[in-house]
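First the structure, then my questions, so here it is.
No value in this document is a laboratory result; all are computed from the given coordinates. For clarity, every value in this text was computed on a predicted model and none was experimentally measured. Here the Cβ is made from the backbone with ideal geometry for all residues, glycine too, and neighbour counts use every protein chain on show.
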Amino acid sequence: MFDWVGLLLRGVYFYCHFIGLSNFVYDWRTGRVFTSLRTTLQAFTINALMVMALIFYWTGQSNANFVFRSANKLHEYVFIIMSGLRITAGLVTVLNRWLQRSQTMKLSREIICLYMANPQVKKMIRWGLLLKFFTGGGTDLFQVVNSVSALGRLDSSAIIGVTLHTCVSFILNLAIAQHYFIMLFVRGQYKIVNIRLRQVINESLRLSYLQKRGGAFMTRCCYLSDQLEDIGKVQSQLQSILVEVAEGFGIQGLMAYAGYYISCIGAYYMAYSVYKYGHETLNMSVKTMILAGVWCFFYYFDGSINCLNMLYVRDHHNEMLRLLEERTVFASRLDVRLEESVRLYQLGYIYFNVAIFLQFESLQLQLLRNPLTLDVMGMFPITRSATAAMIGSIIANSIFLIQFDMKYF
């Protein structure tokens, strides 16, 4: 059967090297992650050329407001903030990849090892991958189309600026896509863990009511205890991956978070400006507005699935806790070894020796100190309530900006 998921992932891998986002090598045959002189020089050259081009462009005489020439200064300020923040986010992403190179390689190795242990995860995440390729590809495609359509009415300096801005956007979008793929992989692993946990609980409940306890009964109990141990190890690895992702992608996530926030406010204000001044006054054609609208659709749709992807990770973790909380108390005839393993797994640990049960309280306190947390550098929690609050803040600030325009311009 044709492996289109693997083909798409290979395409992303080579695309990352082409634009200079990846600075290490992954061997698809052996699964090794390592550095090479060729890859290092290639990534460094691409990144250095892009940074130097941006420095020369911004230090020269450049017209940042090449779209809204006939409008007021507020449009120029909004456009400069939006573009400047996006370019800064792209540059910070590139710098962070070099600073976090060893950590990123370690994270890649852990993900590969976990995938080798559970290769069926590829089947569970294939539609999420396809959706991301649709939204991410559409965002980049219409970014190029918008840039090309604007070249005819720009001078040479503005053309260079548009080209550089497009390249930086590609890097930032691809970095966000990499984060999405990692979180999608964690989601798939959590699904597998929950399925296995449900099977263990159901089988344990069935065994607890058996009348005869022979050797097969004891063997089955030992097998279920081994399954719980494996589940506990996988869950621990997943939480470790989430911690490393938060550390390695923290600054990038903060910049992306701020970028979506500011761009949403700017998009609302630009839509109001088109309504107030008309597209001709703003030096925009109907074709330009349509292309910009399509790009906005893909861009914000892509941002939405990124946010939902992280929320679903939390949902799967909560589902695992719910399965353990709803676990029916097994009958006393069930092997004590299995019962204690189930109870201790509810606290995140698997132990075979019943004597370890004496450490129950200390283990419970230890897990309470290390709950699952998803946030942006510890400042913005990733929850549904926090997301709703962010949307409300965007709407409020958009209204404030529009009122400022109505009063002073």
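Taking the Cα-to-Cβ direction at Leu49 and at Tyr272 and moving 7 Å from each Cα, how far apart do the two end points lie in nm?
4.3 nm
A further question follows. With r as the distance between the Cβ atoms of Tyr15 and Val294 and R0 = 22 Å, compute the FRET efficiency 1/(1 + (r/R0)^6) and round to 0.05.
Step by step, r from the Cβ atoms, then E = 0.50.
Name the residues of the range 258-283 whose amide N is less than 14 Å from a point 7 angstrom out from the Cα of Ser149 along the C-beta direction?
Correct set: 279-280, 283.
Compute the distance in nm between two label points, each set 7 Å from the Cα along the Cα-to-Cβ direction, one at Ser157 and one at Ser102.
Using points 7 Å along Cα→Cβ, the separation is 4.5 nm.
Another one. When the chain is fully extended, how far beyond the present Cα-Cα distance does Cys307 get from Arg206, taking 0.36 nm per residue of separation?
32.4 nm
Here's a follow-up. Could you list Phe18, Phe301, Phe249 in order of exposure, starting from the residue whose Cβ has the fewest other Cβ atoms within 10 Å?
Phe18, Phe301, Phe249
With 10 angstrom as the radius, rank Met289, Met52 by how many other C-beta atoms surround their C-beta, starting from the fewest.
So the ranking, lowest neighbour count to highest, is Met52, Met289.
Separation between the Arg384 and Lys73 pseudo-spin-labels, each 7 Å from Cα along Cα→Cβ, expressed in nm?
4.6 nm
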